[in-house]
Amino acid sequence: MTETMNTDFKHRFCSSFYRDAAVKLVIRGKKMFFLRKSKPLRGRNLVGASSEGDGKRTVIKPDTDGGYDLSILPYAHQVLSLCSHIPDSDYYSTYIRVPISVNVREAYFHNTPAIINNMNKLKRIPTDTVHLQLCLEGNDYFQSSEEPIKNIAAKIVEKCPEDKYLQVLATHKFVVRNLFYDYDELQAKVRQDDSAVAVLNRRRTTCRGYVSLCVSLLRAMNIPAQQLPCYLAKPGQIIDVEHVIPKTNHVVAAAYVDSRWVILDPARDSQNKYEKGEFYKSKELLSIANFDMTEQFFSFTHWLP
């Protein structure tokens with residue numbers, strides 16, 4: 001069900017502890033190989049597309065040995081997009097982005113200072129009985145005792161009654177599938193009611209609403225859950241801070257199952273959008289790239305204060 005975490009962050013990469021979501025990569029010399037492809041990527045034509053500073057895109061196609069030759073990229077830190085390609089078109093669907101570095105001797109995953117910071121912060125999330133009980137309680141924001149929330153939670157539990165981990169996954173998928181990211185609210189900078197029932201009724205929200213609904217559903221299933229404020233890098237960028245701690249601008253959810261905290265970011269996986277007063281339902285495959293993220297993948301784009 002779940003993957004184990006490697007500690008060779010320089011030459012190995014794993015995106016998720018959940019096997020069907022996990023992308024596992026290894027770099028040998030200047031070649032990158034897939035050790036595991038996530039379920040949404042299997043059977044698709046995969047390429048790596050690196051966006052360079054001048055806006056041009058270098059497409060890396062797999063060699064006959066299945067490896068991706070990174071030596072064709074500039075000697076620099078850069079972000080490599082793992083994409084699927086629609087044949088006979090210029091369209092690339094990005095699944096995840098991975099920062100890499102290439103120099104005259106080697107290529108390697110460009111891990112940021114956020115990894116050590118986030119690993120330490122995640123270890124400090126309490127797991128004592130008192131804290132876990134607090135993470136089960138409903139309130140005016142995490143409305144786990146409201147009938148609409150309880151009804152949806154009961155349907156999720158009915159599909160996987162014995163496995164709390166799969167209930168967390170199903171909750172993540174439900175929220176990703178049914179909510180729309182509200183770009184109008186984001187641009188207006190006017191915060192709407194993002195308590196769980198309001199978000200469920202409105203269907204559009206920002207990251208706060210995705211997390212409030214997710215946490216409320218999990219608590220209704222008797223799964224301890226909470227939100228974690230963090231800093232999220234801008235789209236296409238990674239966190240590369242040395243001395244400056246960014247301000248928080250994002251929230252993610254954390255669920256306690258199998259004696260550990262599972263980190264999920266449903267807003268990042270959602271490809272539905274609400275913009276200029278219109279709902280736009282994504283036709284892409286449902287993404288679970290940001291479910292049960294490893295510290296390595298999480299830290300490319302997130303910083304816990």
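The values are calculated or read from the model by the stated rules, or taken from the named source; none is laboratory data. Remember, it's a predicted structure, so these values are computed and weren't measured experimentally. Cβ coordinates were reconstructed from backbone atoms using ideal geometry, including for glycine residues, and neighbour counts include every protein chain displayed. Heads up: the accessible areas ignore ligands, DNA and RNA and are worked out on the full protein's heavy atoms, side chains in. Shrake-Rupley method; radii C 1.70, N 1.55, O 1.52, S 1.80 Å.
Some observations on this one:
- Only one of the listed residues (Tyr256, Tyr231) is in a strand (DSSP E or B), at pLDDT below 95 and either open to solvent by 20 Å² or more (accessible area, probe 1.4 Å) or touching a helix residue (DSSP H, G or I) at 6+ places or on another chain (Cβ under 7 Å) (or both). That residue is Tyr231.
- You will find that of Thr294, Thr248, the residue that is open to solvent by 20 Å² or more (accessible area, probe 1.4 Å) and either modelled with pLDDT under 90 or within 26 Å of Gln78 (Cα to Cα) (or both) is Thr248 and no other.
- Cβ-Cβ under 6 Å pairs, at least 6 apart or on other chains, the stretch 113-129 side crowded, with 16+ Cβ neighbours inside 10 Å, far side part of a loop (DSSP other than H, G, I, E, B): Ala114/Ile239; Asn118/Leu304; Lys121/Leu304
- Remark: pairs (first residue in the stretch 277-305, within 15 Å of Leu228 (Cβ to Cβ) and of a type in the set (A, V, I, L, M); second residue in a loop (DSSP other than H, G, I, E, B) and modelled with pLDDT of 90 or more; Cβ separation under 8 Å; 6+ apart in sequence or on different chains) = Met293/Ser15; Met293/Phe17; Met293/Asp265.
- Complete set of residues in the stretch 145-178 that are more than 25 Å from Met293 (Cα to Cα), under 24 Å from the mean Cα position of the chain (by Cα) and surrounded by fewer than 18 Cβ atoms within 10 Å (Cβ to Cβ): none
- Pairs, first open to solvent by less than 10 Å² (accessible area, probe 1.4 Å) in the stretch 209-228, second among the basic types (Lys, Arg), C-beta under 6 Å, six or more apart: Ile223/Lys164; Ala225/Arg219
- Subset of the stretch 184-209 (residues that are outside any helix (DSSP H, G or I), at negative phi and basic (Lys, Arg)): Arg191, Arg204
- Pairing each residue of the stretch 153-165 that is within 23 Å of Val197 (Cα to Cα) with any residue that is part of a helix (DSSP H, G or I) and open to solvent by 20 Å² or more (accessible area, probe 1.4 Å), provided the two are 6+ apart or on different chains, yields C-beta distances under 6 Å for Ala153/Ala220; Ile156/Ala170.
- Just one residue in the set Tyr95, Tyr141, Tyr181 is outside any helix (DSSP H, G or I), open to solvent by 50 Å² or more (accessible area, probe 1.4 Å) and of a type outside the set (A, V, I, L, M, F, W, C); that residue is Tyr141.
- Within this structure, Leu200 fails the test of being in contact with a helix residue (DSSP H, G or I) (Cβ under 7 Å, 6 or more places away or on another chain), open to solvent by less than 10 Å² (accessible area, probe 1.4 Å) and not hydroxyl-bearing (Ser, Thr, Tyr).
- Once the stretch 1-53 is narrowed to residues that are among the polar types (S, T, N, Q) and not in a strand (DSSP E or B), the residue that is modelled with the highest pLDDT is Ser15.
- Checking each residue of the stretch 90-102 against the condition of being small (Gly, Ala, Ser) and in contact with a helix residue (DSSP H, G or I) (Cβ under 7 Å, 6 or more places away or on another chain) gives no match.
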